[in-house]
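Report on the following structure.
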Amino acid sequence: MKIAIMGAMAEEIEPLLSQVTNIRKTEYAANAYYEAEYKGKEVVIAYSKIGKVFASLTATILLEKFGCDRLLFSGVAGAIDPDLDIGDLIIADGLCQHDLDITAFGHPHGFVPEGEVCIPTDSYLRNVAKEVASKKGIKLKEGIIATGDQFVASVEKKNWISKIFDAHALEMEGASVAVVCNALGVPFFILRAISDSADMDAGFDFDKFLEGSAKVSADFILEMVNAIEDQ
Ligand code: ADE
């Protein structure tokens, strides 16, 4: 078993790199990949840069070049669900692309022919997360996460995403990683800690809480790596 751990930004993988051992760095396709070990498990860590295109590229390389057979995403998100506060964790049960729009042809938002609006994450990995959370007494939400190539800082926009996709949080990479892993048949999992509420204060809050929330997510992911069993 070789587990890919992916973030979008350097801040999202730094707390991972500081806790793994035996790090070997490879430069590939204009990005850095870190093969390492965590408590006897093989991991490959990388951040993609922000957005769906970079995230698809990095996820593909982690699976196809480095041979990872599980992918865990760690990072931050904007909250839609009012029950989610800064630093709270949410796992995606499914991911959709809120900015994918061919409604002009009568299709629903987020849908293209031969695709699906919402791609489900791996149920075993979700169960591992729930077990870790309950053992450690950590609050863990589960729900739909909406992805798009936009930093959302508008109550109107987030309410629209909530209404159309029934989403609980939003970010800029998860659904593209889901498309790649789904197509290649690799079990995947998306975890996010809240950095902002996608409202008019979102830019300010994101800068203020990125590092702290990214660490909350990374620490949880490493607990999961420790708990994942070779199936
Ligand atoms: N990631 C964290 N906060 C976000 C926001 N408000 N919009 C998009 N992606 C985010």
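All of the numbers you see were taken from the coordinates with simple rules; none came from a lab. Worth saying up front: this structure is predicted, and the values here are computed from it rather than measured. Cβ: placed from backbone, ideal geometry, glycine included. Neighbour counts: every protein chain shown.
Calculated from DSSP H runs of 4 or more alone, at -39500 (n - 2.57) each and per residue, what is the 222 nm mean residue ellipticity of the chain, nearest 500?
-11500 deg cm²/dmol
Under Stokes-Einstein, with the Kirkwood radius over Cα pairs as Rh, the value for the chain at 20 °C and 1.002 mPa s is 123 µm²/s.
Spherically averaged projected area of the convex hull of Cα atoms, segment 1-90: 6.4 nm². When the charge dipole of segment 2-227 is built from unit charges on Cβ atoms (+1 for Lys and Arg, -1 for Asp and Glu) and taken about the Cα centre, the candidate among Val152, Tyr34, Ser48 whose Cα reaches farthest toward its positive end is Tyr34.
GNM remark for the chain: springs join alpha carbons under 10 Å apart, and the peak mean-square fluctuation among Thr121, Thr21, Thr58 falls on Thr21. Relative to the Cα centre, the charge distribution of the chain, modelled as +1 at Lys and Arg Cβ and -1 at Asp and Glu Cβ, gives a dipole magnitude of about 460 debye.
Cβ-Cβ distance of Trp160 and Ser134, R₀ of 45 Å, FRET efficiency by 1/(1 + (r/R0)^6): the value works out to about 0.85. Please check which bits of segment 35-65 a label hung off Ala29 would reach, taking the label as a point 7 Å along Cα-to-C-beta and the cut-off as backbone N under 19 Å. Of the residues in segment 35-65, 35-36, 43-65 have backbone N under 19 Å from the label point off Ala29.
Whole-Hz Karplus ³J(HN,Hα) for segment 66-72, in order, using 6.51 cos²θ - 1.76 cosθ + 1.60 and θ = phi - 60°, x for Gly and Pro? Once rounded to whole Hz, the list reads 8, x, 5, 10, 9, 9, 10.
Within the listed set Thr26, Thr60, Thr147, the residue fluctuating most in the Gaussian network model of the chain (springs between alpha-carbon atoms under 10 angstrom) is Thr26.
Once the Kirkwood radius over Cα pairs is known for segment 47-100, the Stokes-Einstein relation at 4 °C and 1.567 mPa s delivers a diffusion coefficient of 97 µm²/s.
Amide H contacts of Asp196 (H built 1.01 Å from N, in plane; Pro and chain starts excluded): Ala77, Ala79 sit under 5 Å, all sequence-distant by 5 or more or on other chains. Calculated on the Cα set of segment 55-175, radius of gyration then Dmax: 15.2, 48 Å. Measuring r between the beta carbons of Ile50 and Asn226 and using R0 = 35 Å, the FRET efficiency lands at 0.75.
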